[in-house]
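Read-outs throughout are calculated quantities, based only on the coordinates presented, and are distinct from any laboratory measurement. Just so it is clear, the structure is predicted and the values come from calculations on it, not from any experiment. Here the Cβ positions follow ideal geometry from the backbone for every residue, glycine too, while neighbour counts run over all protein chains shown.
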Amino acid sequence: MKIFYLTYFILFTNTTGLFANNINIPEDAEEISLVAKYIDKPKVNEINIGETIIATANFSAFISSEGHLSEGTIDCKVTAYAAPGRGFSCGFAQMENVSGYCVLKDKDQDSLVAKLECSSGATVSTDVRCEGRLDFMSGTGKYSGINGTARLHMEQIFTSGKSSIEFLGWWRLPAKNL
């Protein structure tokens, strides 16, 4: 019986992963794909309450991908909650839930604000990462009036190394002056 549930879980996880790579981009929107490398390891201020850890963290990353935000930066301030993995945690040593806000700036210093939410997750090809979403909320300059969303893939806050933050999704940029 355990083998049946394990097989079902593995098949379900891999199937949802295949479908998750498809992004429905509205007709009036543009695809955004971004990779940024952490400048330093996230700075984490932890408070332990029994086995649970609550923390505030901030991190910065340099945008290495091409596009509107090329050569820009991401600065994020988040609150993270971590507890030991139990039950359906798939053997993860620690489950994390992270939420907060990021400011993305391009090389011209125009910026946009995005809400970040993610939780522990793993894929077949990678280690445990924080999987979630970014919602583009507002911006300045050429990003004033922006909206959109993206799937987020980044290091866990409490166990991070010097790595990357990646997202893939869509946004609507404001109309340019005619």
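Cross-link reach is defined here as a Cα-Cα straight distance under 12 Å, omitting same-chain residues fewer than 8 places apart; for Lys105 the aspartates and glutamates meeting it are Glu71, Asp75.
Of the peptides 72-78, 39-45, the ranking by mean beta-carbon count within 10 Å, highest at the top, reads 72-78, 39-45.
Cross-linked pairs Lys43/Lys77; Lys77/Lys115; Lys37/Lys107; Lys41/Lys77; Lys37/Lys142; Lys43/Lys107: Cα-Cα separations exceed 18 Å for Lys37/Lys142; Lys43/Lys107.
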